[in-house]
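Novice: Pasting a structure here, questions to come.
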Amino acid sequence: MLKRLCAGLMVLIVVLAPMYLVAGPATDSVKANVTAVIDVLKDPKLKGPAGKKAKEQKIEVIADRMFDYVELSKRTLGLNWNKFTVDQRKEFVELFKGMLRDTYIDRITAYSNEQVNFTKELPLTENSVEVQTVVISSSARTPINYRAMKKGNEWKVYDVVIEGVSLVSNYRTQFRDILGNNPPQTLIDTLRKKKAGSK
Amino acid sequence: MRNLFNGAKAPADLFVIRPATVLFFILFLGWCGPLLGQEVGAVSVRTLKAAEDQSPFVMAGFTEKDVPARYAAGKPVAENTGAVPEKPDVKAAPGGASDDEYGDVTPEELGIGPKAGKTSDEYGDVVSDTGEGLEAKETYDPIRPFNTAMYHFNDKVYYWAWKPVSTGYKYVVPHEVRGIILNFYENLKAPMRIINNLLQGDMEHAGTEFASLLINLTLGVGGLKNCAQDCFGIQRDYADFGQTLGKWGFGYGFYVVLPFLGPSDVRDGIGLLFDWPLRPTSYLGDEFFNEYNVGLYIHEKINYTSFHLGEYEALQNASADPYVAMREIYLQYRDNLIRKR
């Protein structure tokens, strides 16, 4: 009896499930990019330390396609963005992008056996959505959500939320802290120093 | 089944069947519960998010057509709502002059598309703090000098002791064995998760945790294997007393960096103390804190760290201010555990 009920419920869930898995164009776009990264990571030709450099380059190309670094920078700086001159804005975007790239590409290339499930697409505003995914490894399930907005005909990611921690929000507090008492140039110098130090 | 229908015969017989029925019911709950929970959860989270995520733009009633230009200062968008940029950027004001400059950089760099006119707005002023609103909470860190000192202390502890020990441990103990140890410790903490889920009024997650515990103790050979997850796909549902307090409506107080233990806050610090007696290992020896249970705790942490080496370093490399980064990540992560579960 219970077994039948359980089976019945499962059938019901399977039938209902697609209603919650309405994948929109944003999910398709994020999915295409994430799948491309996974393909690079799994590429047998790029195994070992020799292939690491090639892997990193390929992932960087995908990341450039996937993310809108200017939007990401704007959201991170908030109104402080307006204090920057246009040249400073450009330099900031490049430095910030470099910092994210250096860190995350290094971490990402360490992975190989992860599986990514696309669970849901959640509307945030009229032209932005959150694409929710779960990264499943042998030891953990990590929810990673991509916030993307429509730019022209493309969906560009402007924030990544890992286990409830938003990248933009995290950096915003850090930068606000620095910009609270210092001019924009100080933040740029800090990032520059960081870049010089990591090489 | 037979017993149920021959009811006249035997209260004793009925008695025999009962524990098995209860067990089956629990397994059933554990099995179907998470699946059901996901669907139900999906709805509630969605509604919650939809309500909370109302961005200022939507609330201001922008139409889709307005949105692409909304970041540019002095655009009709800003005028429509009367939202004047808080700090008009004087230097960027002659925006037309920089148009061609952007023309070269952005389309190829960012692949935004053919509309050169729009890309020129890319580096324009922003109209408001474009946060999602969800994470933009005030951070309370009144004892920052103490916290900063503790942060540096912990940093030294990590690099001088924790990291070398964990690295050596990882080198000596095979991956599989460390995995077994990880499962064993996690399973031991089941009482903590069950009781806290109960305290949070979350019967479903308490049920899955209980089912997990039973399966892992039996099929998982006393908790050496996480069979609940590997064989049945039952996910653990983390819960601790700090989270329970949060669900009861307590705020986090303020941020505290604990020596050795790292980032915490007032609420979670209290939570740690309450959870300690819920760990079966705490009952080794005569006192609540002695060389046995604290030793096991340290071993648990070393074993755990052996799976996560390099993450702390990555965090430091990726931050303009690692102290603030760590604080924000901790507080957001905890907040998420309380709000979204």
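The values are calculated or read from the model by the stated rules, or taken from the named source; none is laboratory data. These figures come from a predicted structure and were not determined experimentally. Methodologically, a virtual Cβ is constructed for each residue, glycine included, from the backbone with ideal geometry; neighbour enumeration extends over all protein chains shown. Accessible surface is based on the protein model in full, side chains and every heavy atom, while ligands, DNA and RNA are left aside. Shrake-Rupley method; radii C 1.70, N 1.55, O 1.52, S 1.80 Å.
Novice: Could you tell me which residue of region B:261-285 is nearest to residue B:329 (Cα to Cα), considering only residues that are modelled with pLDDT of 90 or more and open to solvent by 60 Å² or more (accessible area, probe 1.4 Å)?
Specialist: The selected residue is B:261.
Novice: The conditions are (1) among the aromatic types (Phe, Trp, Tyr); (2) farther than 24 Å from residue B:152 by Cβ; (3) crowded, with 19+ Cβ neighbours inside 10 Å, and residue B:307 fails exactly one of them. Which is it?
Specialist: Exception for residue B:307: condition (3).
Novice: Among A:142, A:133, which is open to solvent by less than 20 Å² (accessible area, probe 1.4 Å), assigned to a strand (DSSP E or B) and within 30 Å of residue B:185 (Cβ to Cβ)? Lay out the reasoning, then the answer.
Specialist: Details: A:142 fails: open to solvent by less than 20 Å² (accessible area, probe 1.4 Å).
Exactly one of A:142, A:133 is open to solvent by less than 20 Å² (accessible area, probe 1.4 Å), assigned to a strand (DSSP E or B) and within 30 Å of residue B:185 (Cβ to Cβ), namely A:133.
Novice: Could you please find all residues in region A:149-171 being part of a helix (DSSP H, G or I) and either among the hydrophobic types (A, V, I, L, M, F, W, C) or more than 7 Å from every other protein chain (Cβ to nearest Cβ) (or both)?
Specialist: First, the residues of region A:149-171 that are part of a helix (DSSP H, G or I): A:167-171.
Passing the criteria: A:167, A:168, A:171.
Novice: Moving on to the next point. Give region A:31-81 a look and list any residue that's among the charged types (D, E, K, R) and without any contact (Cβ under 8 Å) to a residue 24 or more places away in the chain, or say none.
Specialist: The answer is A:39, A:43, A:45, A:47, A:53, A:58, A:64, A:74.
Novice: Quick check on my filter: what residues within region B:279-338 are part of a loop (DSSP other than H, G, I, E, B) and within 18 Å of residue A:160 (Cβ to Cβ)? Give the derivation first.
Specialist: From region B:279-338, those part of a loop (DSSP other than H, G, I, E, B) are B:279, B:284-290, B:306-310, B:318-321; that's our starting set.
Those that are part of a loop (DSSP other than H, G, I, E, B) and within 18 Å of residue A:160 (Cβ to Cβ): B:318, B:319, B:320.
Novice: Could you list, in sequence order, all residues of region A:48-61 that are within 13 Å of the chain's Cα centre (by Cα) and surrounded by fewer than 19 Cβ atoms within 10 Å (Cβ to Cβ)? Reasoning before the result, please.
Specialist: Within region A:48-61, the first condition is being within 13 Å of the chain's Cα centre (by Cα), and the residues that meet it are A:59-60.
Scanning region A:48-61 gives a single hit, A:60.
Novice: What's the total number of residues in region B:211-260 that are within 22 Å of residue B:180 (Cβ to Cβ) and either open to solvent by less than 10 Å² (accessible area, probe 1.4 Å) or over 18 Å from the mean Cα position of the chain (by Cα) (or both)?
Specialist: 24
Novice: Would you pick out the residues in region A:62-72 that are in a helix (DSSP H, G or I), crowded, with 17+ Cβ neighbours inside 10 Å and of a type in the set (D, E, K, R)?
Specialist: Hit for region A:62-72 is A:71, nothing else.
Novice: What number of residues in region B:302-339 are farther than 19 Å from residue B:139 by Cβ and touching a residue at least 60 places away in the same chain (Cβ under 8 Å)?
Specialist: Going through region B:302-339 one residue at a time, the tally reaches 8.
Conditions tested, residue by residue: (1) out of contact with any helix residue (DSSP H, G or I) (no Cβ under 8 Å at 6 or more places or on another chain); (2) modelled with pLDDT of 95 or more.
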{"position": "B:152", "(1), (2)": "yes, yes"}
{"position": "B:161", "(1), (2)": "yes, no"}
{"position": "B:176", "(1), (2)": "yes, no"}
{"position": "B:181", "(1), (2)": "no, no"}
{"position": "B:188", "(1), (2)": "no, no"}
{"position": "B:192", "(1), (2)": "no, no"}
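Novice: Might you check whether a residue that is of a type in the set (S, T, N, Q), assigned to a helix (DSSP H, G or I), within 14 Å of chain A (Cβ to nearest Cβ) and on the phi < 0 side of the Ramachandran plot occurs anywhere in region B:169-190? Let's see the steps before the verdict.
Specialist: At the first step, the residues of region B:169-190 found to be of a type in the set (S, T, N, Q) are B:183, B:187.
Still in the list and also assigned to a helix (DSSP H, G or I): B:183, B:187.
Now restrict to residues that are within 14 Å of chain A (Cβ to nearest Cβ): B:183.
Retained after the next criterion (residues that are on the phi < 0 side of the Ramachandran plot): B:183.
Yes: one or more hits.
Novice: Is there a residue in region A:38-61 that is within 11 Å of chain B (Cβ to nearest Cβ), assigned to a helix (DSSP H, G or I) and at negative phi?
Specialist: Yes: region A:38-61 contains one or more residues that are within 11 Å of chain B (Cβ to nearest Cβ), assigned to a helix (DSSP H, G or I) and at negative phi.
Novice: Continuing with the same structure: Could you tell me which numbered condition residue A:119 fails, if it satisfies all but one of (1) more than 7 Å from chain B (Cβ to nearest Cβ); (2) over 21 Å from residue A:151 (Cα atoms); (3) open to solvent by less than 20 Å² (accessible area, probe 1.4 Å)?
Specialist: Only one criterion in (1) more than 7 Å from chain B (Cβ to nearest Cβ); (2) over 21 Å from residue A:151 (Cα atoms); (3) open to solvent by less than 20 Å² (accessible area, probe 1.4 Å) is unmet by residue A:119, namely (3).
Novice: Only one of these is surrounded by fewer than 18 Cβ atoms within 10 Å (Cβ to Cβ) and within 7 Å of another protein chain (Cβ to nearest Cβ): A:75, A:89, A:107. Name it. If you could, list the steps in order and put the result at the bottom.
Specialist: On the way: A:75 fails: surrounded by fewer than 18 Cβ atoms within 10 Å (Cβ to Cβ); A:89 fails: surrounded by fewer than 18 Cβ atoms within 10 Å (Cβ to Cβ).
Within the list A:75, A:89, A:107, the selection yields A:107.
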